[in-house]
1. Does Glu372 qualify as being surrounded by fewer than 18 Cβ atoms within 10 Å (Cβ to Cβ) and either over 24 Å from the mean Cα position of the chain (by Cα) or in a helix (DSSP H, G or I) (or both)?
2. Give the residues of the range 166-191 that are touching a Ser or Thr at 6+ places or on another chain (Cβ under 7 Å) and part of a strand (DSSP E or B), sorted by residue number.
3. Test Ile104 against the criterion of being closer than 20 Å to Gly299 by Cα, modelled with pLDDT of 95 or more and either away from the ligand (no atom under 16 Å from the Cβ) or surrounded by 20 or more Cβ atoms within 10 Å (Cβ to Cβ) (or both), and give yes or no.
4. I'd like the full set of residues that are of a type in the set (Ser, Thr, Tyr), in contact with a strand residue (DSSP E or B) (Cβ under 9 Å, 6 or more places away or on another chain) and surrounded by fewer than 18 Cβ atoms within 10 Å (Cβ to Cβ), limited to the range 325-358.
5. Mind listing whichever residues of the range 229-269 are within 11 Å of the ligand (Cβ to nearest atom) and not in a loop (DSSP other than H, G, I, E, B)?
6. Scan the range 49-66 for residues that are assigned to a loop (DSSP other than H, G, I, E, B) and under 15 Å from Gly272 (Cα atoms) and jot them down.
7. Are there any pairs with C-beta distances below 8 angstrom linking a residue in the range 72-98 that is in the same structural domain as Gly299 (by TED's automatic domain parsing) to a residue that is surrounded by 13 or more Cβ atoms within 10 Å (Cβ to Cβ) and of a type in the set (Phe, Trp, Tyr), with the two at least 6 apart or on different chains, and if so which?
8. Considering only residues that are touching a strand residue (DSSP E or B) at 6+ places or on another chain (Cβ under 7 Å) and in a helix (DSSP H, G or I), look in the range 192-211 and name the one that is surrounded by the most Cβ atoms within 10 Å (Cβ to Cβ).
Amino acid sequence: MRSATEAIFARSCKVIPGGVNSPVRSFKGLGLTPLIVESGFGDTIRDVDGKEYIDYCCSWGPLILGHAHPTIVRAAQEQIAKGSSFGIATAIEETFASKLVSLIPSLEKIRFVSSGTEATMTALRLARGYTGRSKIVKFIGHYHGHSDSLLVQAGSGVSFLNPIATSKGVHSNLIADTICLPFNDFVALRTFFRSPVAKQVAAVIVEPIAGNMGVVPPLEGFLESLREETAKVGALLIFDEVITGFRVGLTGAQGLYSIDPDLTCLGKIIGGGFPAAAVGGKAPIMDALAPLGQVYQAGTLSGNSVAMRAGLETILQVANDPTFYERLEQKTLHLARPIEEALAYTKLTACLQRCGSMLTLFFGVSQVRSKEQLDEERFAHFFRHLFDRGIYIPPASQEAWFVSAAHTDVHLDYTARVIADYLTTEK
Ligand SMILES: Cc1ncc(COP(=O)(O)O)c(C=O)c1O
């Protein structure tokens, strides 16, 4: 029985479009009333009916330490008591910026904003302002927030000069300069960068490990090719590490693959569960931002004190513990290994793809390298199966699941068993 959930959702639908403040929370296509959460602690969330779920969404990635981590709670409470927002520079912004710059070698300067969308939007404007060029390249299936020129998909690699908006309200003029290429496709990349239009490209933006079409790591050499091709034509390379930053290690995907991007977008984990994100990179590029340069960017809540304190404490927790990522990897393997074993026996077409503590179980395909059509009906059935048993994964088929440091072995074992049973008994 989910009577409180049903009642709140019905009332929400009257005052909030679709009853939710972000569409993917709506459980669209899943045949269930969405979750209405009341609280979270560690690896568990509790809904308004008192039912508990082991959470593998973790607020879509930020909660690498789990819900309501005592150190983060204390830091945020301390800061709120001193004032939550000033719209004036604070020392904590410098402390946090210096910490991030010291951890990620490609960052020389950093500007804080409040969301990943703002970070990528700022990175593009900066790239265009700095290079004086108009075109940007993104990859099909990669999501970089909802600013107009990034809300674009395209058909096949050959139609890369004919972008199609993924949302109504995005006028064709606003996406005319956005070019979409298939991820992990060396031929499409080379073909594009040999075309005359490549010299008009201000920047290529990429999720270095894709998370928004499910977890799809780059093929060996793909990011290197991207770095080479962009450098050759004088375009900037922007790594959107809003998910991967501090998720796959202290130096993000760029550290994992030894790539030196020109600009990096961070978000999610650096806010410690509060709204903070950032764009950072080489000093001469970053200095093109106002007030030094002529690329305008601003924000009432940018560098918000509570978000900075929570973010800094989160980064200190992961950075000061030399075994943090190793232990997180072990936890994730605890979940992933039994699923992989079950996949060897399943009659379903499915595969598990993983990088560090981000993973996706795909249905309808046996491997994903680029954007794919998945078996949505099967996913919906699988989601409901888990949900009924107190396990919450992101409510969409092409999303990353996240394991946090708070996930207990007991919960990971239980989840692995439920999934392995599903895979070996369903036809
Ligand atoms: C890779 C990536 N970039 C940017 C964004 C946008 O971030 P936000 O939702 O904070 O605006 C997201 C959000 O999921 C993301 O996954």
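The values are calculated or read from the model by the stated rules, or taken from the named source; none is laboratory data. From a predicted model like this one, the values you see are computed outputs, not experimental measurements. Here the Cβ is made from the backbone with ideal geometry for all residues, glycine too, and neighbour counts use every protein chain on show.
1. Criteria not met by Glu372.
2. Thr178
3. Criteria not met by Ile104.
4. Start the filter on the range 325-358 by keeping residues that are of a type in the set (Ser, Thr, Tyr), which leaves 325, 332, 345-346, 349, 357.
From the residues that got through so far, the ones that are in contact with a strand residue (DSSP E or B) (Cβ under 9 Å, 6 or more places away or on another chain) too are 332, 349, 357.
Correct list: Thr349 only.
5. Narrowing the range 229-269 to residues within 11 Å of the ligand (Cβ to nearest atom): 238-245, 247, 253, 265-268.
Correct list: Ile238, Phe239, Asp240, Ala253, Cys265, Leu266, Lys268.
6. Narrowing the range 49-66 to residues assigned to a loop (DSSP other than H, G, I, E, B): 49-51, 56-57, 61-66.
Within the range 49-66, Cys57, Gly61, Pro62, Leu63, Ile64, Leu65, Gly66 qualify.
7. Ala76/Phe274; Glu93/Phe112; Phe96/Phe112; Ala97/Phe112
8. As a first pass, look at the range 192-211 and keep what is touching a strand residue (DSSP E or B) at 6+ places or on another chain (Cβ under 7 Å): 192, 197, 200-211.
Right, trim to in a helix (DSSP H, G or I) and you get 192, 197, 200.
Details: Phe192: 20, Val197: 14, Gln200: 16.
My answer is Phe192.
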